[in-house]
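The values are calculated or read from the model by the stated rules, or taken from the named source; none is laboratory data. This is a predicted model, so every value here is computed, not measured. Positions of Cβ are backbone-derived with ideal geometry, glycine not excepted, and every protein chain shown enters the neighbour counts.
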Amino acid sequence: MANTVIIHIQNEDPVVGEIEQLPSGSDLLITVSNPRRLDGKDLFFLAENVTTVIWPTSRINFIEIMPTKEEEEIIGFVRE
């Protein structure tokens, strides 16, 4: 099952995409499918037909993991 994530790359805008499994501390690369900007538009630094990108983890500041539909239905608390 793919996880939707927001990847914060050094000196770049955040990238949204899907990854098959979360990276471990020893991973050197992360493979992201369907990379796009937060607003859903294409990334200007990628070729037009690119569907998968491999980034070195050394360039990534942090990764946000978005909840799945099932998790959103289970967890229903509100932040104020």
### Query
Between a first residue in region 3-23 that is farther than 14 Å from F44 by Cα and touching a residue at least 60 places away in the same chain (Cβ under 8 Å) and a second residue that is acidic (D, E) and surrounded by 15 or more Cβ atoms within 10 Å (Cβ to Cβ), which pairs have beta carbons less than 9 Å apart while being 6 or more apart in sequence or on different chains?
N3/E18; T4/E18; V5/E18
#### Entry: Complete set of residues in region 7-31 that are under 14 Å from R59 (Cα atoms) and surrounded by 10 or more Cβ atoms within 10 Å (Cβ to Cβ)
I7, H8, I9, E12, D13, P14, V15, P23, D27, L29, I30, T31
### Task
Would you mind finding the one in F77, F62, F44 that is at pLDDT 95 or above and surrounded by fewer than 11 Cβ atoms within 10 Å (Cβ to Cβ)?
F62
